[in-house]
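First comes the structure, then the notes that go with it.
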Amino acid sequence: NEMDEALAAVIAEKRKTPGDDLISALVAIADEEGQRLHSGELLGFCKLLWIAGNETTTNLICNAALFLQSHPEVLKQLRDDKSLIEAFVEEALRLEGPVNGLFRRVARDYNYKGCELKVGDNVWLLFGSANRDESIFPDAAEFKLARKEAQHLALGKGIHFCMGAPLARMEARVAFEHLVDVMHRFKIDDQGGKRIPIAILRGWLSLPVISVTA
């Protein structure tokens, strides 16, 4: 509710005084009939950009940093050769992705492995499970920096592919180009952290960091 109120105030201000920014551009967008987005559509889109562009990347960085803490040999590889960070981000997305799955509505009757799906049924597509499919990813439960099979579903696929994927990849790469140099100075206290209590997301509400150097 607080987010709705905050964004609604910003949108109202941008309608009166547009600037050189994303919300002003969205306010000005017209469809093929020349009709503007109505308030509910605009508010929903801004919420999507705010939440999806923040929550997922934050959780990816936290999950991947925890992995590096428990795999110092991989951390050393990245610190010694930062050109490997791009591949690390892809494998982290596959194995330590921030979204377990999303809901979809069935558009046509379909039989999937003996399960009858009817038009209008809701299904939960588990990306986390698909990304561990042994028929696609050999030794799927293992983290392989040199893995060649990069067609994971952590960022969706087809018309549901994440529109912020390039930004998420860049943010993670930039983060770890710095983090690999400083992770020896602190310890991530996952036991003292608190997981997000929502099955869709795989991430943290809080994740304390303890300094281990003076």
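The values are calculated or read from the model by the stated rules, or taken from the named source; none is laboratory data. From a predicted model like this one, the values you see are computed outputs, not experimental measurements. Here Cβ is always computed from backbone atoms with ideal geometry, including for glycine, and neighbour counts include all displayed protein chains.
Take residue 122 and decide whether it is under 17 Å from residue 87 (Cα atoms) and either without any contact (Cβ under 8 Å) to a residue 40 or more places away in the chain or in contact with a Pro (Cβ under 8 Å, 6 or more places away or on another chain) (or both). I'd like the intermediate steps shown before the answer.
Details: under 17 Å from residue 87 (Cα atoms): no; either without any contact (Cβ under 8 Å) to a residue 40 or more places away in the chain or in contact with a Pro (Cβ under 8 Å, 6 or more places away or on another chain) (or both): yes.
Here the answer is no, as residue 122 does not meet what is asked.
Scanning the stretch 86-98 turns up at least one residue that is touching a residue at least 24 places away in the same chain (Cβ under 8 Å), surrounded by 13 or more Cβ atoms within 10 Å (Cβ to Cβ), outside any helix (DSSP H, G or I) and touching a strand residue (DSSP E or B) at 6+ places or on another chain (Cβ under 7 Å). Here residue 41 does not fit the description of being surrounded by fewer than 19 Cβ atoms within 10 Å (Cβ to Cβ), in a loop (DSSP other than H, G, I, E, B), modelled with pLDDT under 95 and not small (Gly, Ala, Ser). Being of a type in the set (D, E, K, R), modelled with pLDDT of 95 or more, out of contact with any helix residue (DSSP H, G or I) (no Cβ under 8 Å at 6 or more places or on another chain) and part of a strand (DSSP E or B) is a condition met by at least one residue of the stretch 108-120.
Here is the figure for the stretch 170-194: residues that are touching a Phe, Trp or Tyr at 6+ places or on another chain (Cβ under 9 Å) and assigned to a loop (DSSP other than H, G, I, E, B) total 1.
What do you reckon, is residue 196 surrounded by 13 or more Cβ atoms within 10 Å (Cβ to Cβ), over 21 Å from residue 104 (Cα atoms) and modelled with pLDDT of 95 or more? Spell out the reasoning first.
Working: surrounded by 13 or more Cβ atoms within 10 Å (Cβ to Cβ): yes; over 21 Å from residue 104 (Cα atoms): yes; modelled with pLDDT of 95 or more: no.
Criteria not met by residue 196.
Applying the criterion of being under 12 Å from the mean Cα position of the chain (by Cα) and of a type in the set (Ser, Thr, Tyr) to the residues of the stretch 44-70, the residue that is surrounded by the most Cβ atoms within 10 Å (Cβ to Cβ) is 56. For first residues located in the stretch 57-82 and more than 15 Å from residue 205 (Cα to Cα), partners that are acidic (Asp, Glu) and lie 6+ apart or on another chain with Cβ distances below 7 Å form the pairs 64/96; 67/96; 79/181; 82/177.
Anything in the stretch 195-211 that is part of a loop (DSSP other than H, G, I, E, B) and either touching a residue at least 40 places away in the same chain (Cβ under 8 Å) or among the polar types (S, T, N, Q) (or both)? List them, or say none.
Step one: filter the stretch 195-211 for residues part of a loop (DSSP other than H, G, I, E, B), giving 196-200, 202-203, 207-208.
Those that are part of a loop (DSSP other than H, G, I, E, B) and either touching a residue at least 40 places away in the same chain (Cβ under 8 Å) or among the polar types (S, T, N, Q) (or both): 196, 199, 200, 202, 203, 207.
Restricting 155, 167, 75 to residues that are under 30 Å from residue 211 (Cα atoms), out of contact with any strand residue (DSSP E or B) (no Cβ under 8 Å at 6 or more places or on another chain) and surrounded by 14 or more Cβ atoms within 10 Å (Cβ to Cβ) narrows the list to 75.
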